[in-house]
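What follows is a set of notes on a single structure, which appears directly below.
The values are calculated or read from the model by the stated rules, or taken from the named source; none is laboratory data. Predicted, not measured: the structure shown is a model, and the values here were computed from it. Every residue, glycine as well, gets a Cβ built from its backbone with ideal geometry; the counts of neighbours run over all protein chains shown.
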């Protein structure tokens, strides 16, 4: 009698119930649709192109990569280094390492900001000191003791034997290289207009053994 009831129950199972049971099966035993390799490749390419577009937009509007040309920033940066420069809403500050599109030098320069508009910069080669607004700044960045190159520097700003004084005008900065004995900077090419500043160098990406920030 019970066997007949069980047979009747099986006969009464609907197709909807069978589908519901299938849906409840674990994923690993469900029937799998065949993999469409072509669609997979197209989706991967679309994702890759989109990611590259985003990267390109970031580097156009937020960052740029600049190569160091020359030894004027040694030992902070050396010839051939690649650095990331940021240029969005940039306002120069003292001690920033900046990238300059210099009309006076007719090339791209990388230098350190020593003074901003309104500052008085005094360079005393006799004692190897630089003062900004009568405060001596650190020598930790410079490569070696400074030499007074009277044939190279603008003598207009010389106030004594081995001493030069610069009053930074409005909308300008005074810059120097960390390798001060081998640097074309504000001592020879004059004050740098703020509008000539392309941005601030913030991170070294090459060579790979020197990747990181720098002061």
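Out of the residues in the stretch 149-167 that are within 32 Å of the chain's Cα centre (by Cα) and assigned to a strand (DSSP E or B), which is surrounded by the most Cβ atoms within 10 Å (Cβ to Cβ)? Among those that are within 32 Å of the chain's Cα centre (by Cα) and assigned to a strand (DSSP E or B), it is 166.
All but one of (1) buried (at least 17 other Cβ atoms within 10 Å of the Cβ); (2) touching a residue at least 40 places away in the same chain (Cβ under 8 Å); (3) part of a loop (DSSP other than H, G, I, E, B) hold for residue 146, so report the exception by its number. Among (1) buried (at least 17 other Cβ atoms within 10 Å of the Cβ); (2) touching a residue at least 40 places away in the same chain (Cβ under 8 Å); (3) part of a loop (DSSP other than H, G, I, E, B), residue 146 violates only (2). Screening residue 196 with (1) modelled with pLDDT of 95 or more; (2) in contact with a strand residue (DSSP E or B) (Cβ under 8 Å, 6 or more places away or on another chain); (3) farther than 17 Å from residue 100 by Cα gives one miss only, at (3). Looking for something touching a strand residue (DSSP E or B) at 6+ places or on another chain (Cβ under 6 Å), assigned by TED's automatic domain parsing to the domain that holds residue 90, under 20 Å from residue 75 (Cα atoms) and touching a residue at least 60 places away in the same chain (Cβ under 8 Å) - is there at least one such residue anywhere in the stretch 113-132? For the stretch 113-132, residues touching a strand residue (DSSP E or B) at 6+ places or on another chain (Cβ under 6 Å), assigned by TED's automatic domain parsing to the domain that holds residue 90, under 20 Å from residue 75 (Cα atoms) and touching a residue at least 60 places away in the same chain (Cβ under 8 Å): present. Only one entry in 83, 88 is assigned by TED's automatic domain parsing to the domain that holds residue 171, farther than 19 Å from residue 214 by Cα and at pLDDT 80 or above, namely 88. Scanning the stretch 106-127 for residues that are assigned to a loop (DSSP other than H, G, I, E, B) and exposed (fewer than 15 other Cβ atoms within 10 Å of the Cβ) yields 106, 118, 126, 127.
Test residue 96 against the criterion of being at pLDDT 95 or above and either under 26 Å from residue 198 (Cα atoms) or out of contact with any strand residue (DSSP E or B) (no Cβ under 8 Å at 6 or more places or on another chain) (or both), and give yes or no.
yes
Within the stretch 168-215, the set of residues being in a strand (DSSP E or B) and touching a helix residue (DSSP H, G or I) at 6+ places or on another chain (Cβ under 9 Å) comprises 172, 173, 174, 175, 176, 192, 204. Quick one: is residue 159 modelled with pLDDT under 95 and farther than 22 Å from residue 77 by Cα? So residue 159 does not fit the description; no.
Residue under question is residue 171, and the condition is that it be within 18 Å of residue 99 (Cβ to Cβ), under 27 Å from the mean Cα position of the chain (by Cα) and crowded, with 22+ Cβ neighbours inside 10 Å; does it hold? In short, no.
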